[in-house]
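Undergrad: One structure coming up, written as structure tokens, with questions to follow.
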Amino acid sequence: MQDLKFRKNRKRRHRPGKLEKKGLHFEKKAGHMRMQGKTRRVGRYARKDVIVWGAEILLVCIVASALVWFFGQRVSNAGDSMKPTLYNGDVVLVDHLVYDAVKPDRGDVIAFRPSGNENVHYSIKRIIGLPGETVQIREGSVYIDGEKLTGELYPTDIVYAGVAKDSVELGEGEYFVMGDDHKGSDDSRMAEVGNVKREEIYGKVWFVASFGENFGFVKQ
């Protein structure tokens, strides 16, 4: 009797039924489907990011090309007369429309053809004197209307004054230009170059397109 009672009181082990087995299988399958869904969404987002990234690059290229076409004629700098701003062989962009809207200003770096000669390479120099001013070089410095020209953009310790040893009067539409490296620059100090006329100026040099230490906007 005790043995029978023991068997009755003994707990029966629970065995999962068919539905439970199916439910367990379904949960596993559902989890797998959720994982697949997440993978697909991540894949779609990645493709979308690539498309957006490619479109942005294309837009930048189009804008850059338009800027070069309308505002940035490419010109190669010859010589080192503008170092450290520019070096020999640097390719620069020249805005040839800006001076239709504003007048050339002191400190601007310009591209021009000396004496308007179409058969010579563009010369690149910095504007020192403006129309109506008097320019003179003495004691190694530039004087504008008797006042010493100062600033990091302008040459100092000038050894060769050239024609500017005496006062040079600039007429209407005339500019006095010099290279940043005045020691090796053929500029307005030389009689064969002289003052640069407005019609000889091709445009304003505003960007160095050659990769290197000077890449970027030109100091004006």
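Undergrad: Straight-line reach from LYS103: which aspartates and glutamates have a Cα under 14 Å away, not including same-chain ones fewer than 8 places off?
TA: Filter leaves ASP95, GLU172, GLU174, GLU199, GLU200.
Undergrad: Next question, about the same structure. Calculated FRET efficiency, LYS197 and GLU56, Cβ-Cβ r, R0 41 Å, to nearest 0.05?
TA: In this case the efficiency is close to 0.40.
Undergrad: Hey, another quick one. What's the FRET efficiency of ASP49 with HIS121 using the Cβ-Cβ distance as r and R₀ = 45 Å, to the nearest 0.05?
TA: Approximately 0.45, to the nearest 0.05.
Undergrad: Report ³J(HN,Hα) in whole Hz for each residue of region 170-176, in order, from the Karplus equation J = 6.51 cos²θ - 1.76 cosθ + 1.60 where θ = phi - 60°; Gly and Pro get x.
TA: 8, x, 4, x, 10, 10, 9
Undergrad: For region 74-217, how big is the tail of P(r) above 27 Å, as a whole percent of Cα pairs?
TA: The share of Cα pairs beyond 27 Å in region 74-217 comes to 15 percent.
Undergrad: Please list, in order along region 127-132, the HN-Hα scalar couplings obtained from phi with the Karplus expression 6.51 cos²θ - 1.76 cosθ + 1.60 (θ = phi - 60°), rounded to whole Hz, x for Gly and Pro.
TA: Calculated HN-Hα couplings, in order: 6, 10, x, 10, x, x Hz.
Values quoted throughout were computed directly from the atomic coordinates according to the rules given, and no laboratory measurement underlies them. Because the structure is predicted, anything quoted here is derived from the model rather than measured. Cβ: placed from backbone, ideal geometry, glycine included. Neighbour counts: every protein chain shown.
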